[in-house]
Amino acid sequence: MNYKTLITAASAAVFLAACGGDTGTHGEHSAAAEGYAEREDHAVHEHHASYERPDTSGAFAAMLHGTEGNDNIHGYVMFQPTDEGVFVLAHVEGLSANGVHGFHVHEFGDCSAPDATSAGGHFNPHGADHGGPESDERHVGDLGNLQADETGMAHLEWVDHKLELSGPNSIVGKAVIVHAQPDDLTSQPVGNAGARIACGVIVDEDGEHQH
């Protein structure tokens, strides 16, 4: 699957999730995400009879692949600018049944190492302490946790207010990492989330890393 197809599929998933009424958002995330979902829900019902492709302009995505020994894990994370912030859609399969897995944006867009340590640490351009996605102080790359269901599939949507898709602190060209364990959201420096089990580099729909 190329990245243009991936971004289109991810945007369609937003519409389908809204239509089903299950957005899978972080429980504590702001009303901005709910407002975005409500607008998408309205659009779904408006175009349900004849589907209209959503606008994916400005969208970026990371295609996730399992690290060594985790070949069954795959998925994607899409990032799209909105008026409220960056809308994030994560969909990952092959995780442990009912497992909780920390995931973050890491500083280097390099998944070449078998254990993905080539991606470096959390993306943290401001030198902040580690935290949760709603913490006042956090790494830019702190995305919290994915909650898998009984089949090992995790789906999560929310609007983030610290991610940037352009400029010196852009996450484009960085890597998304999924970890084996939950992020406790407090332990320094990285939340004690364990080994890296999946990795993907954030690019635009043409596969470009720089913006």
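The values are calculated or read from the model by the stated rules, or taken from the named source; none is laboratory data. If you're wondering where the values come from, they're calculated on a predicted model, not measured in any experiment. All Cβ positions, even for glycine, are placed from backbone atoms using ideal geometry, and neighbour counts span all protein chains on display.
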Margin query: Within segment 132-149, does at least one residue satisfy the condition of being touching a Gly at 6+ places or on another chain (Cβ under 9 Å), farther than 23 Å from residue 82 by Cβ and of a type outside the set (S, T, N, Q)?
Written below: yes
Note to self: Just the residues that are at pLDDT 95 or above and over 18 Å from residue 65 (Cβ atoms), please, taken from segment 173-189.
What the structure shows: none
Next item on the list: Considering only segment 111-121, state which residues are touching a Phe, Trp or Tyr at 6+ places or on another chain (Cβ under 6 Å) and modelled with pLDDT of 95 or more.
Entry: 119
Note to self: Looking at the structure I just gave you, is residue 159 modelled with pLDDT under 90 and either crowded, with 22+ Cβ neighbours inside 10 Å or not in a strand (DSSP E or B) (or both)?
What the structure shows: no
Item checked: Residues within segment 68-102 that are in a loop (DSSP other than H, G, I, E, B) and either surrounded by fewer than 23 Cβ atoms within 10 Å (Cβ to Cβ) or at pLDDT below 95 (or both), tallied -> 15
Notebook entry, point to check: Restricting attention to segment 112-124, which residues are of a type outside the set (A, V, I, L, M, F, W, C) and in contact (Cβ under 8 Å) with a residue 60 or more places away in the chain?
Noted result: 115, 117, 121, 122
Check: So which of 127, 109 ends up being without any contact (Cβ under 8 Å) to a residue 40 or more places away in the chain and farther than 23 Å from residue 159 by Cβ?
Finding: 127
Check: Out of (1) surrounded by 20 or more Cβ atoms within 10 Å (Cβ to Cβ); (2) out of contact with any Cys (no Cβ under 6 Å at 6 or more places or on another chain); (3) not polar (S, T, N, Q), the odd one out for residue 111 is which?
Finding: (2)
Check: In segment 139-153, what residues are in a loop (DSSP other than H, G, I, E, B) and not polar (S, T, N, Q)?
Finding: 139, 140, 141, 148, 149, 150, 152, 153
Check: Are any of the residues in segment 163-177 without any contact (Cβ under 8 Å) to a residue 40 or more places away in the chain and acidic (Asp, Glu)?
Finding: no
Next item on the list: Considering each of 124, 169, 145 in turn, give the residue that is buried (at least 17 other Cβ atoms within 10 Å of the Cβ), more than 17 Å from residue 91 (Cα to Cα) and modelled with pLDDT of 85 or more.
Entry: 124
Margin query: Given the options 94, 144, 75, 109, name the one that is within 16 Å of residue 200 (Cα to Cα) and under 12 Å from the mean Cα position of the chain (by Cα).
Written below: 75
Notebook entry, point to check: residue 200: within 18 Å of residue 121 (Cβ to Cβ) and either of a type in the set (Asp, Glu) or at pLDDT 90 or above (or both), yes or no?
Noted result: yes
Checklist line | Subset of segment 78-91 (residues that are more than 19 Å from residue 203 (Cβ to Cβ) and within 17 Å of the chain's Cα centre (by Cα)) | finding: 82, 84, 85
